[in-house]
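Before any comments, here is the structure.
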Amino acid sequence: MTKRLLRRTDFVLLAATAGILIMSLIVIGSATHINTPSDDRYWFVARQGIFALMNIGIAAFLMNFDYKMLQGYGNKLYLFNLVMLVAVMLVGQSALGAQRWISLGPISIQPSEFSKLIMIISLATMLEKRVGELNTLHDLLPVAAYVGVPFLLVLKQPDLGTSLVFMAIFFGMVFVCGINLRLLGGIFGAGIAMMPILWHFLKDYQKMRIMVFMDPNVDPLGSGYHIIQSKIAIGSGMLFGKGLFQGTQSQLNFLPENHTDFIFAVVGEELGFVGVAILLLLYLIVLWRGICIARDASDMFGRLLAVGITSMLAFHVLVNVGMTLGIMPVTGIPLPFMSYGVSSLTTNILSVAILLNIQLRKQKLLF
C-alpha cells in the first residue's frame, strides 16, 4: 500500500511548494534581520519555520483520510465560519485600521484567512448538487447569497482584499459547475456598470488606494509611498539583484511591510530578475498541477475543491505581484507561502494537502 501511495503522490507539486517555502525563509531572514534586536535577529524566520513544520506534520497526518469526508462537514464548517467571523467583530484585535485578528495566547490568528479554505469546502458541498443547473439568475441567487454572507462579514472588518478572494473562488467554482456563460457575462457586465455606485460605499483609504494606483504621486508620502518604494526596489535589482542582505530599500526601512505584503519587492531587489523568474516559475508549476488535479479528480466534489483552491492561489499571486509592480491597487493580500504570517501559511499548506489528497485518490486504491 505504501508503494502505491508513493506512486500516486504528486512530487512535482510537493517540490514546487517546498521550493517556495525554502525561498520564503531565506528572504524573510534577509528582510527582517537588520531591524530586529541581535538576540532575536532571526525570530521571524524561526517562527515561520516552526509553524511550517507543524503544519506539514498536520497535513501529512490528514493525508490518511479521504478528502470525501469533508463533504459531510460542509454545512457545519459554514456555520463555524460565520461564528468565527462574527467573533472577530466582537472580540477581535485592531491593527492598521482593521479589526481582523483574534488573540490566542502567544499567537494572533486571522480568521478571514481560514475562512477562504472553509468557504471552498462548504461551497463545493453545495455546488456538487447543482452541477449543470446554474442556467438562470434564479438558480444562481442561492449560491451568491451563500457566499455573500461571509463576504460581507469579511468586508466589514474591513478586509477588501480577502473579500475579493471570495469572489475569485466563487467565479472559478461556478464556472466549473457549468454556469450559463451568457449569465456569467451578464454578471461581469453588471459589476462593471455598478462600479461608479460602489465607489461611494468605499472607505476614504480604499478610494485613495485606487487613486494612487492610477498615479502614485497623488500622495507620494502617504498611500503612494508603498508602491513607489516597491517599484524602486524591484527595478534596482536588475538581472541578478544586489544580493541577500544587501538591498537598500528593504534593509534601510524604505520599503514598508517588507516581510509580509511586499516581500516580492525584496525578491526583486536582492535576487533580481533571475530570482523573480524562478519564484514565478514555481508558482506556475503549483497552479498547473492544481489544474491537472482538478481535471483528473475522481468525483465532482474533488474537482470543485481543486478548482476553488487553485483559483484562490492564482488570485493571490496575481494581485500581490501586481500591486508590488504598480499594476494592481494595494489590497494587503499576502503572497502564498512567501509572506510572513501564521494564518496565511496554515491555510496555504492545508490547501496543498487537499490537492495532494485529491490526486492520491483519483482512482480507488486497491488494498
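Numbers below:
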| item | result |
| --- | --- |
| Residue match in the stretch 271-283 (condition: more than 25 Å from the chain's Cα centre (by Cα), in contact (Cβ under 8 Å) with a residue 60 or more places away in the chain and part of a helix (DSSP H, G or I)) | no |
| Residues that are without any contact (Cβ under 8 Å) to a residue 40 or more places away in the chain and either crowded, with 24+ Cβ neighbours inside 10 Å or closer than 21 Å to P329 by Cβ (or both), drawn from the stretch 229-253 | Q229, I232, A233, G235, G237, Q249 |
| Answer from K116, K129 - the residue that is buried (at least 21 other Cβ atoms within 10 Å of the Cβ) and among the basic types (K, R) | K116 |
| Check on I291, closer than 29 Å to S30 by Cα and either assigned to a loop (DSSP other than H, G, I, E, B) or open to solvent by 30 Å² or more (accessible area, probe 1.4 Å) (or both) | no |
| Subset of the stretch 163-180 (residues that are open to solvent by 10 Å² or more (accessible area, probe 1.4 Å) and either over 19 Å from H138 (Cα atoms) or touching a Gly at 6+ places or on another chain (Cβ under 8 Å) (or both)) | L164, A168, G172, G178 |
| Enumerated helices (runs of 4 or more DSSP H) restricted to the stretch 181-228, each holding at least 1 residues that are surrounded by 15 or more Cβ atoms within 10 Å (Cβ to Cβ) | 181-193, 204-214 |
| Filter result for the condition that a residue is modelled with pLDDT of 95 or more and open to solvent by less than 10 Å² (accessible area, probe 1.4 Å), over T324, T347 | T347 |
| Residues of the stretch 254-270 that turn out to be free of Cβ contacts under 8 Å to residues at least 60 places away in the same chain and hydrophobic (A, V, I, L, M, F, W, C), as a count | 3 |
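So that you can scan it fast, the table gives a plain yes or no per residue for (1) aromatic (F, W, Y); (2) touching a residue at least 60 places away in the same chain (Cβ under 8 Å); (3) under 23 Å from F201 (Cα atoms):
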{"position": "I109", "(1), (2), (3)": "no, yes, no"}
{"position": "M126", "(1), (2), (3)": "no, no, no"}
{"position": "K129", "(1), (2), (3)": "no, no, no"}
{"position": "L137", "(1), (2), (3)": "no, no, no"}
{"position": "L160", "(1), (2), (3)": "no, yes, yes"}
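The values are calculated or read from the model by the stated rules, or taken from the named source; none is laboratory data. What you see is a predicted model; the values in this text were computed from it and never measured. Backbone-built Cβ (ideal geometry, glycine too); neighbour counts: all protein chains shown. Each accessible area value is taken on the protein alone, full model and side chains, heavy atoms only, with ligands, DNA and RNA left out. Shrake-Rupley method; radii C 1.70, N 1.55, O 1.52, S 1.80 Å.
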